[in-house]
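What follows is a set of notes on a single structure, which appears directly below.
The values are calculated or read from the model by the stated rules, or taken from the named source; none is laboratory data. Computed from a prediction, not measured in an experiment: that's the story for all the values here. Glycine also receives a Cβ, built like all others from the backbone with ideal geometry; neighbour counts cover every protein chain displayed. Side chains included, ligands, DNA and RNA excluded: accessible areas come from the protein's heavy atoms. Shrake-Rupley method; radii C 1.70, N 1.55, O 1.52, S 1.80 Å.
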Amino acid sequence: MSGRTQRIGSIAVVLLLLVTGAAVGCGESDEEKAQNDVCDARDDLQKQVNDLSKLTLSTATVEGVQKNLNAIQDDLQKISDAQGNLSDERQQQVESANKQFKSQLNSIAEGLTSNLSLSGAEQKLRSATQQLASSYRQTFAKIDCG
């Protein structure tokens, strides 16, 4: 084997090692994946809250509202599942936001189901969605995903 062939072979091996190392280094850490999961769920949570806040009594359907609420529950679960892989400070922030939002969501849901008459339904719906949007702003909107 000539010296030139050996050098080309050595260069090829070095390039292969560099490419392999770069591919391994490009993977997400558990913390980065958790952060992305939290931010994706937070963004969808905002979308669901916005969709609910646009509803009126004439545009709201039980199935539509249930779909939004199920999506919110799924987002809260994704956030809860991911928070254990976050840094301590970030974990506390996300856990606190999740706990506060869930509590306010439950309170809002209870208010919607108690003493609901058709005449007061639209006002209760409007009030509930405003409370939900406010709750989002006080909790998850504060989490930096930028």
Which ones in the stretch 36-78 are without any contact (Cβ under 8 Å) to a residue 60 or more places away in the chain and either of a type in the set (A, V, I, L, M) or touching a Lys or Arg at 6+ places or on another chain (Cβ under 7 Å) (or both)?
ASP37, ALA41, VAL62, VAL65, LEU69, ALA71, ILE72, LEU76
Name every residue in the stretch 84-110 that is crowded, with 17+ Cβ neighbours inside 10 Å and closer than 13 Å to GLN131 by Cβ, in order of residue number.
PHE101, GLN104, LEU105, ILE108
Is it the case, given these coordinates, that ALA97 is among the hydrophobic types (A, V, I, L, M, F, W, C), out of contact with any Phe, Trp or Tyr (no Cβ under 6 Å at 6 or more places or on another chain) and modelled with pLDDT of 85 or more?
no
Just for the stretch 38-83: of the residues that are open to solvent by 20 Å² or more (accessible area, probe 1.4 Å) and β-branched (Val, Ile, Thr), which one is nearest to ILE108 (Cα to Cα)?
VAL65
